[in-house]
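Report on the structure given below.
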């Protein structure tokens, strides 16, 4: 009896140790993939600056004009204050949604095949790319914060708020980059991917609360906005970035929706990832 109980305890300990080891391996593999992607960014940082042109123009032109004409009701916030988090979310979306094209390039160059024959978990390969997309989003945020500060936007700089913005950007970029990888796995050609990417970005952006409140939308668009992950990214950014703003859905709900979307997309992308090499 004692010997049997001792064997069971050893078995349980071995299972726990195996689980910890597997989780540790998964984390190392994820960081290794993210490191590869970040090295690409460091070698060619011009992409970050070229992609920051569009959101800068949104703030300088669209934001200032609509602030003057008071065309969109934004409560106690000026329109420029209201739209700044939306422009940041737009930048995260536009950067991440075209991330999948890198998979197609890697397949054409033979890099993808080499990665697939490694013992790395497929989920780690996908999550590593999602993590690197998050750091690209953070680089965009630094530029947008600078422009917004110069324009007099009432930004919050408390450490908890800044940490929350950082987390939201990383999470939002991971969601949309993983979605992008799924699209790349399905279409498998650069031409089709670029066309579909263009089709997806604008509906996601305009069917959200990025540049106008949900209250002013028609009922059919409100329904779409409430299932759009970008809506919840904008909501948490607006609450944490802008002085005097608040979350319409609750910060916990904003993060929970994005986490649920990320987990679902990671599961799908992990299954589809090997198929892009065929």
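Here, each number is a calculation from the coordinates, and none is a lab measurement. Quick caveat: nothing in here was measured; it's all calculated off a predicted structure.
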Under a GNM of the chain (C-alpha, springs under 10 Å), which listed residue has the highest mean-square fluctuation: 183, 92, 65?
65
Quick one: Cα centre-to-centre distance for segment 114-167 and segment 183-223, in angstrom?
20
Among 103, 242, 69, the residue with the largest mean-square fluctuation in a Gaussian network model of the chain built from Cα contacts under 10 Å is 69
Using Cα atoms only, what is the angle between the long axis of helix 122-150 and the major principal axis of the chain, expressed in degrees (0 to 90) to the nearest 10?
20
Expressed as a whole-number percentage, the relative contact order of segment 2-277 with C-alpha contacts under 8 angstrom and at least six residues apart is 26
Restricting the calculation to Cα positions, tell me the Rg (one decimal) and the Dmax (whole number) of the chain in Å.
21.2, 83
For residue 72 and residue 25, compute 0.36 nm times the residue count separating them, minus their Cα-Cα distance, and round to one decimal in nm.
11.9 nm
C-alpha long axis of helix 229-241 to longest principal axis of the chain, angle in °:
70
GNM of the chain, Cα pairs under 10 angstrom: of 134, 123, 152, the biggest fluctuation goes to 152
Compute the long axis of helix 251-272 from its Cα atoms, compare it with the longest principal axis of the Cα atoms of the chain, and write down the angle in degrees, 0 to 90, nearest 10.
50
